[in-house]
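Here's the structure we're looking at; comments come further down.
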Amino acid sequence: MTDRPKTSANSMWGGRFAAGPDAIMEAINASIGFDRRLYAQDIRGSRAHAAMLAATGIISDSDAEAIGKGLLTVLSEIEAGDFPFQTALEDIHMNVEARLKEVIGEPAGRLHTGRSRNDQVATDFRLWVRDQCDAAIEGLRALIRATVTQAEAGADWVMPGFTHLQTAQPVTWGHHMMAYAEMFGRDLSRFQDARARMNESPLGAAALAGTGYPIDRDMTAQALGFDRPMANSLDAVSDRDFALEFLSASSICAVHLSRLAEELVIWSSAQFSFVSMSDKWSTGSSIMPQKRNPDAAELIRAKIGRILGATVALFTVMKGLPLAYSKDMQEDKEQTFDAADTLMLALAAMTGMLSDLTANRDRLEAAAGIGFSTATDLADWLVRELGLPFRDAHHVTGSLVAMAEGRGVDLPDLTLEDMQSVHGQIRQDVFNVLGVHNSVASRQSYGGTAPDQVRAQIARWKEKLA
């Protein structure tokens, strides 16, 4: 397309300002460098608003038709990369409206009837964040599927369970993977809840007090996929809690991603060798040819910093603002855009890593029996079979652990005579609970690590995801 002349910023402001802002004011005031990402939402909202203005008789059908077609022309120009955004026009709203005027002429001036940039940007941003909730929900569904697939493959593979990163009790690979399925499932529900709460339309709230035009806010709300119009015009233009809730849910999700990433970093080390990363998600060293570095996992682990930083930044922006709109709120978008991009990248990378991940079953099982992991099973046996109070059983077990440790062996390696030297009533069948497979099989309580319980949870999630 041909070059078009720059439009003066003051012509958009009207006759109140005799001179335009200087370069510094223009730079600090303009948001087009980042809010151009709202172009699709802005045009969608404007088309819905124009249709409503015509339906209520506020503008003519011919003007509404011209506006609707002209906005589609602008949309195609932006999507084709042919749209010359102008900093002098401040934001996406002014850029679109100015170009619309060039395309269709005088009818473009009627588009802003009964509307303010305050409710316009609140609508655009809410639509954009709603779209990001939908994207996060789909990303989490894919990640949970990958997690469930890993769990199903190793539902009965034993591995050490840890507390304080010390061996605690044996669990199964499937049980460990399903722990993350539950975490990511709660993340998914948080985005679903946030989406439901934000699904109200600010459009028609105008600057802050509503409008005297006989607009139909229900019509525009329905056209934009909202459940209803927001009930208070001051609230509609002045709050960004929908973005804060999205960022908060993103931060919690990023914490879960970071925890799993940390485990993958540890597990893929030579010292653990619990898992192998595929080459697609690893890098080499410039000097050490033997290295396979889990860079993707490490970067996911770091992403929480950016997402949490965006959350704190927006909370800080919003915390002291009086009603209604203040220009401070222009700072709501860059952080949210970056956090959304970062989250989606991390979700996709983790899904890819889990899909390609190979768990080392033999290494997991070998590690499961190290560190007296069945000590609790022994204590439980003493309570259940001999009727000892748990505190006494704990003391007896501790003495046996000290004996085994002193000899450099594990509990199952002690003889019956060794055990009876600590407590004379211990019987031969105590050894039935000391193997790691017996240990995990015994954990049949709901949500436990027994393979049958793990498979039941896998089936539940597969049904939910279907």
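The values are calculated or read from the model by the stated rules, or taken from the named source; none is laboratory data. Since we're looking at a predicted model, the values are computed, not measured. Backbone-built Cβ (ideal geometry, glycine too); neighbour counts: all protein chains shown. Only protein heavy atoms, including side chains, enter the accessible area calculation; ligands, DNA and RNA are left aside. Shrake-Rupley method; radii C 1.70, N 1.55, O 1.52, S 1.80 Å.
Quick one: which of V454, V430 is in a helix (DSSP H, G or I), in the same structural domain as S399 (by the TED database) and over 19 Å from W157 (Cβ atoms)?
V430
Can you say whether M219 is modelled with pLDDT of 95 or more and under 27 Å from the mean Cα position of the chain (by Cα), as far as the supplied structure shows?
Answer is no for this residue.
Which one is surrounded by the most Cβ atoms within 10 Å (Cβ to Cβ), of the residues in the range 303-325 that are small (G, A, S) and without any contact (Cβ under 8 Å) to a residue 40 or more places away in the chain?
Among those residues, the one meeting the criterion is A313.
So if I check each of T311, T342, which one is under 26 Å from Q150 (Cβ atoms), modelled with pLDDT of 95 or more and either not assigned by the TED database to the domain that holds F125 or not acidic (D, E) (or both)?
Only one candidate passes the filter, namely T342.
Quick test for you: out of R197, R186, R228, pick the one residue that is of a type in the set (K, R), at pLDDT 95 or above and more than 18 Å from the chain's Cα centre (by Cα).
Exactly one of R197, R186, R228 is of a type in the set (K, R), at pLDDT 95 or above and more than 18 Å from the chain's Cα centre (by Cα), namely R228.
Taking the range 373-399, which residues are under 19 Å from V409 (Cα atoms) and crowded, with 21+ Cβ neighbours inside 10 Å?
Listed by number, the residues that qualify are S373, T374, A375, D377, L378, A379, T397.
Give the residue, chosen from A155, A168, that is in the same structural domain as A340 (by the TED database), hydrophobic (A, V, I, L, M, F, W, C), open to solvent by less than 10 Å² (accessible area, probe 1.4 Å) and out of contact with any Leu (no Cβ under 7 Å at 6 or more places or on another chain).
Every option except A155 fails the conditions.
Quick one: how many residues across the range 80-127 are out of contact with any Asp or Glu (no Cβ under 8 Å at 6 or more places or on another chain), open to solvent by 30 Å² or more (accessible area, probe 1.4 Å) and within 16 Å of R37 (Cβ to Cβ)?
Total satisfying the criteria: 2.
S201 fails exactly one of the following numbered conditions: (1) open to solvent by less than 40 Å² (accessible area, probe 1.4 Å); (2) closer than 18 Å to V275 by Cβ. What is the number of that condition?
Checking S201 against (1) open to solvent by less than 40 Å² (accessible area, probe 1.4 Å); (2) closer than 18 Å to V275 by Cβ, the one that fails is (2).
Go through the residues of the range 145-154 one by one and say whether even a single one is closer than 29 Å to F274 by Cβ and among the hydroxyl-bearing types (S, T, Y).
Checked the range 145-154: at least one residue is closer than 29 Å to F274 by Cβ and among the hydroxyl-bearing types (S, T, Y).
Please work out which one of (1) more than 29 Å from E334 (Cβ to Cβ); (2) open to solvent by 70 Å² or more (accessible area, probe 1.4 Å) is the condition I67 fails and give its number.
Here I67 clears every test but (2).
Given the options V436, V440, V409, V454, name the one that is surrounded by fewer than 18 Cβ atoms within 10 Å (Cβ to Cβ) and of a type in the set (A, V, I, L, M).
Residue meeting the stated conditions: V409.
Could you tell me which residue of the range 197-214 is nearest to W128 (Cα to Cα), considering only residues that are in a loop (DSSP other than H, G, I, E, B) and out of contact with any helix residue (DSSP H, G or I) (no Cβ under 7 Å at 6 or more places or on another chain)?
Taking the candidates together, the pick is T211.
Would you point out the residue of the range 215-252, among those that are in a loop (DSSP other than H, G, I, E, B) and more than 24 Å from A340 (Cα to Cα), that is least open to solvent (accessible area, probe 1.4 Å)?
Filtering first and then ranking leaves M230.
Give me a count of the residues in the range 37-64 that are among the β-branched types (V, I, T) and surrounded by fewer than 18 Cβ atoms within 10 Å (Cβ to Cβ).
Within the range 37-64, residues that are among the β-branched types (V, I, T) and surrounded by fewer than 18 Cβ atoms within 10 Å (Cβ to Cβ) number 1.
Could you tell me which numbered condition D392 fails, if it satisfies all but one of (1) over 46 Å from the mean Cα position of the chain (by Cα); (2) closer than 25 Å to T172 by Cα?
In the conditions (1) over 46 Å from the mean Cα position of the chain (by Cα); (2) closer than 25 Å to T172 by Cα, D392 misses (2) alone.
Quick one: is D134 open to solvent by 50 Å² or more (accessible area, probe 1.4 Å) and under 17 Å from E200 (Cβ atoms)?
yes
From the set of residues in the range 47-96 that are on the phi > 0 side of the Ramachandran plot and within 32 Å of the chain's Cα centre (by Cα), which is modelled with the lowest pLDDT?
Only one residue tops the list, namely E90.
So that you can scan it fast, the table gives a plain yes or no per residue for (1) more than 15 Å from E385 (Cα to Cα); (2) more than 46 Å from the chain's Cα centre (by Cα):
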| site | (1), (2) |
| --- | --- |
| V409 | yes, no |
| P412 | yes, no |
| D418 | yes, yes |
| V433 | no, no |
| H437 | yes, no |
| S442 | no, no |
| S445 | yes, no |
| D452 | yes, no |
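Which residue out of L354, L414, L347 is open to solvent by less than 30 Å² (accessible area, probe 1.4 Å) and outside the structural domain of D131 (by the TED database)?
Step by step, each of L354, L414, L347 is checked, and only L414 is open to solvent by less than 30 Å² (accessible area, probe 1.4 Å) and outside the structural domain of D131 (by the TED database).
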